[in-house]
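The values are calculated or read from the model by the stated rules, or taken from the named source; none is laboratory data. These figures come from a predicted structure and were not determined experimentally. Backbone-built Cβ (ideal geometry, glycine too); neighbour counts: all protein chains shown. The accessibility values were calculated without ligands, DNA or RNA, using every heavy atom of the protein model including side chains. Shrake-Rupley method; radii C 1.70, N 1.55, O 1.52, S 1.80 Å.
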Amino acid sequence: MAETPVAVPPARRLAWLDALRGIAALAVVFDHLSTHLLSGVRMHVYHWLDAGRYGVFVFFLVSGYIVPASLERKGSVRTFWVSRVFRLYPMYLLTIGLAVLLWAFANGSLHGADGDPAKSVLAQFLMMGNVLAGTNLPNVVWSLSYEMIFYLLLTALFIAGVHKRSGWYAVGFGVAAVVLGGMLPQQYFSHHLSSPRLVAAGADLLLLVGLAVAVLLRGAPRLVGAGLSAVVAVLLLAFNGGWIYPWEALSILGLMFTGTALYRAEQGDYPWSRAIAVAVTTIGLGIAAGLWHSHAWGLSAGAETLWERRWFFAFFLAGLTFGGGLLLRHVRVPRWLAWLGLISYSVYLLHPLLVEMDYQYLLKSHHYSFGMQVLLYFLFMVVLVALSSLTYLLVERPMQVAGRRVARWLDARYGPDRVRSREVRHAGVRESSVAERA
């Protein structure tokens, strides 16, 4: 019997997610800009909270919530990955190009990427730089490695038909962070098996082959391909991580699946009591992993207490922020905050380059009064929002529209690419809104 259509609420129902992204973007910008401006304010904030970590943790929770909605509503692996490519790569490549351009005119740094350009290109080709011993250019793209790992893992779980067990995955990654996170090595493959360049090339090849099979073929080969790419991604996360420790990487995956578990509860797949228990448990495990494994660093008592406090509040407040957004999801969001969320990807990628230029031309070797620093901070944000709005309107949004057109053309040319279509549920949001915000 045909499934009864579900009434679709207005797109503004997703504005709360945009608001959370806007808050996260402001926190990450503060993390980088306050090293040069308002350093006194930074000192007080960082006595309690690592604002940068807090911001990216909120981003991870939001991704965990909304990205599965994009995949499951379509029921198409091909359409999902076409949307991912058109959503992420145009702005990603533009930002790298701008970084290289600034460096060429001696106005920026490549953070060492010019030391081995081939390795840097191979590491960042699939946005996996932070798990392939690559340089993060700009520095914030490290988080995209874990986004990509989540997408690959989610694809394999979806094709296998076990994607709705999100609570188990969230708690499982949290337990792994506590139990295994302190024993796993960093950059083991790159530094022990072969040269970093060959490891990056081999990982790229395996990931591409696995993903291509998952996207282009059907039946058992599709599951094998998705499984291959997911296994490679998880192995890289566990044994070849970059500057963040394995326990933090595992905690990040736990956070993302926590967001998915909460999405399941809103869709009626889980009781809310179960989803909330999963969220509390996973966030508690993530906090415990940081507090437990940081003892191995041998910090002084004062430094260890300070780090633990920052870690606790970054993790705890990220969960509290997301929970608050979820509770207030029906409340009208200020338009400026919703807009900041829409342009948050551009804000996230562009602001490190703007900070570098700001430092070179305005802040280097200058000492400003507190009032002038507030004014400069405000002007920085005005310029950043203006530039990010421009790139969103001229790059991000047109490329998202192009991605949807390409997906429709592929469906028309090769037929719909449905995976277990009878189990695909309505996500309760308009298709265009999901695609734009995912």
Rg/Rh (Cα only; Kirkwood hydrodynamic radius) as it applies to the range 272-411
1.08
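Going by a ≥ b ≥ c, the root eigenvalues of the Cα gyration tensor, does the chain fall in the rounded group (a/c under 1.5), the prolate group (a/b larger than b/c) or the oblate group?
Here the chain falls in the rounded category.
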Averaging over every viewing direction, what projected area does the convex hull of the Cα atoms of the range 1-156 cover, in nm²?
12.7
Cα→Cβ-extended label distance, 7 Å offset, between VAL85 and PHE370, nm:
5.3
Could you calculate the FRET efficiency of MET183 with VAL395 from 1/(1 + (r/R0)^6), where r is the beta carbon distance between them and R0 is 45 Å, rounded to 0.05?
0.60
When you count, for each residue, the other Cβ atoms within 10 Å and take the mean per peptide, how do 205-215, 162-172, 402-412 rank with the highest first?
162-172, 205-215, 402-412
Output the 0 to 90 degree angle, nearest 10, between the alpha-carbon long axis of helix 142-160 and the longest principal axis computed from the alpha carbons of the chain.
10
Less than 17 Å apart at the alpha-carbon level, and either on another chain or at least 8 residues along: which lysines does that give for LYS164?
LYS74
Between 0 and 90 degrees, rounded to the nearest ten: what's the tilt of helix 272-293 against the longest Cα principal axis of the chain?
40
Roughly what would the spin-label model give for HIS191 and LEU362, points 7 Å off Cα along C-beta, in nm?
3.9
Counting pairwise Cα distances across the range 73-208, what percent come out greater than 18 angstrom?
64
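Please get the size of the charge dipole for the range 155-287, origin at its Cα centre, with Cβ charges of +1 on Lys and Arg and -1 on Asp and Glu, quoted in debye to the nearest 20. If you can, show how the numbers build up before the last one.
Values: 7 positive and 4 negative charges, 60 e Å.
The calculation lands at about 280 debye.
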Using θ = phi - 60° and the Karplus curve 6.51 cos²θ - 1.76 cosθ + 1.60, what whole-Hz ³J(HN,Hα) does each residue of the range 222-231 get, with Gly and Pro shown as x?
4, 5, 4, x, 5, x, 4, 5, 5, 5
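Placing unit charges on C-beta atoms (Lys and Arg positive, Asp and Glu negative, everything else neutral), compute the dipole magnitude of the chain about its Cα centre in debye, rounded to 20. It would help to have the intermediate numbers written out before the result.
Working: 35 positive and 22 negative charges, 294 e Å.
Here the size comes out at about 1400 debye.
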Rg/Rh for the range 194-342: what does it come to with C-alpha atoms and Rh from Kirkwood?
1.06
Label model pair TRP409, ALA212: point-to-point distance (7 angstrom along the Cα→beta-carbon line) in nm is 2.0
Sites TRP307 and HIS111 - FRET efficiency at Förster radius 30 Å, r taken between beta-carbons, to 0.05
0.80
Tell me the carbon and sulfur percent of the accessible area for the chain, rounded to whole percent, probe radius 1.4 Å.
69
For the range 130-220, just say rounded, prolate or oblate: build the C-alpha gyration tensor, square-root its eigenvalues into a ≥ b ≥ c, call rounded for a/c under 1.5, and beyond that prolate if a/b exceeds b/c, oblate if not.
oblate
The range 342-424 - accessible surface per residue (Å², probe 1.4 Å)
58
So what's the angle, to the nearest 10 degrees on a 0 to 90 scale, between helix 246-266 and the longest Cα principal axis of the chain?
50
